[in-house]
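K.L.:
First the structure, which I've put down as structure tokens, then a few questions once you've had a look.
The values are calculated or read from the model by the stated rules, or taken from the named source; none is laboratory data. Keep in mind that what you see is a predicted model, and the values were worked out from it rather than measured. Cβ atoms come from the backbone with ideal geometry, glycine included; neighbour counts cover every protein chain shown.
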Amino acid sequence: MLAPHWNDIAMTTDTLLTLEAIVGAFATAGPVLPRIALEQAVDRWSEIGPALIATLEAASDETDQSDRTNAILFFGIYLMAQVRETRAFRPLCTVAADGERIFRLIGDGVTEDLALILMRIYDGDPAPLRMLIEAVDADEYARSAALDALAWLTATGRLDREGTARYLRDLYMTLQPQDESYVWVGWQRAIAHLGFDELVSLVEKVFDRGWTDRGELSPRDFHDTLRALRKVAEPTEVFDTHIREGRRLDNTVRHLSGWAAFRREENRPRRVVMPATAPASDKPIRQPNRDVGRNDPCPSGSGENFKKCCLGKAP
């Protein structure tokens, strides 16, 4: 007799779930949002939180990079952002600095939510954030998100403004690559959002050197933000909408319910139970997009680069 699927338990009972059941629901969620498990994890964070933090720490020191752990941490990271779990800040920055692993954990959340997540769990020490910004091997979008978080934390007074200005000035000479990369968009955007007029000449040099895709940020966009900053009462008003709407992470269930990856429970297809050992195929399983470069046009035809489109959505 087959053991019940953890997600079946989470979706069909109002009883108090065990820690094992909650984590199991996260690990096996698939296209179904484990609502009850998520809600109980928040309500019982003092019990559930330490286990999820330990999982994140194990991932950060590379002792566990399994698919199961990745699935658990997808939900765990959003829960940590919801409850503003500062103990997660350092290990999450470490994970995000590890190549493209952060994409394997939260997918599209890198470009949409990572800056917000970092802002919400910030523990008062900017060193891990700076480490991520400067990590040459980290994904360029993760590094740019870290710069967005740095700018917001400075604009809201949690980081020293003069210290941030000096840091951004120094990055002009030290930030790698000294070539086109989305990390320079984050750098230029931080300077505009904070109104550092003394750094404008450096921004213009970056534009002149072609280190920024002008389709992502143009000189006009940059100067429009500077002008807008002089007219607003609240400095954070000039930040992009997805940064200003930090409260959308106040409720993980509500936020993730809007993701196309999670179908409504009532539309959930009947689960097909596979045999314990699948029959071998004559042909190896092949990832259809394995030969597509990160900067190549996405095969979906969206018009965006692969890294900004389907790469972040890959399972």
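K.L.:
Of the residues 58, 41, only one is under 21 Å from the mean Cα position of the chain (by Cα), modelled with pLDDT of 95 or more and part of a helix (DSSP H, G or I); which?
P.N.:
On the way: 58 fails: modelled with pLDDT of 95 or more.
Going through 58, 41 in turn, just one is under 21 Å from the mean Cα position of the chain (by Cα), modelled with pLDDT of 95 or more and part of a helix (DSSP H, G or I): 41.
K.L.:
Looking only at residues in the stretch 92-118 that are surrounded by fewer than 22 Cβ atoms within 10 Å (Cβ to Cβ) and of a type in the set (Gly, Ala, Ser), which one is farthest from residue 251 (Cα to Cα)?
P.N.:
Restricting to residues being surrounded by fewer than 22 Cβ atoms within 10 Å (Cβ to Cβ) and of a type in the set (Gly, Ala, Ser), the top hit is 99.
K.L.:
Right, another one. Is it the case, given these coordinates, that residue 201 is exposed (fewer than 14 other Cβ atoms within 10 Å of the Cβ), closer than 29 Å to residue 172 by Cα, small (Gly, Ala, Ser) and out of contact with any strand residue (DSSP E or B) (no Cβ under 7 Å at 6 or more places or on another chain)? If you could, list the steps in order and put the result at the bottom.
P.N.:
Working: exposed (fewer than 14 other Cβ atoms within 10 Å of the Cβ): yes; closer than 29 Å to residue 172 by Cα: yes; small (Gly, Ala, Ser): yes; out of contact with any strand residue (DSSP E or B) (no Cβ under 7 Å at 6 or more places or on another chain): yes.
When the stated conditions are applied, residue 201 passes them.
K.L.:
Exactly one of these conditions fails for residue 179: (1) part of a helix (DSSP H, G or I); (2) of a type outside the set (S, T, N, Q); (3) surrounded by fewer than 23 Cβ atoms within 10 Å (Cβ to Cβ). Give me its number.
P.N.:
Checking residue 179 against (1) part of a helix (DSSP H, G or I); (2) of a type outside the set (S, T, N, Q); (3) surrounded by fewer than 23 Cβ atoms within 10 Å (Cβ to Cβ), the one that fails is (1).
K.L.:
Taking helices (runs of 4 or more DSSP H) that fall entirely within the stretch 95-145, which contain at least 1 residues that are at pLDDT 95 or above and not aliphatic (A, V, I, L, M)?
P.N.:
In the stretch 95-145, the matching helices (runs of 4 or more DSSP H) lie at 114-121, 127-134.
K.L.:
Still on this structure: Would you check if there is a residue in the stretch 160-169 being exposed (fewer than 14 other Cβ atoms within 10 Å of the Cβ) and closer than 30 Å to residue 74 by Cβ?
P.N.:
No: zero hits.
K.L.:
Among all residue pairs at least 6 apart or on different chains, which show Cβ distances below 8 Å where the first residue, located in the stretch 238-254, is closer than 24 Å to residue 225 by Cβ and the second is assigned to a loop (DSSP other than H, G, I, E, B) and aliphatic (A, V, I, L, M)?
P.N.:
These pairs meet every condition: 238/232.
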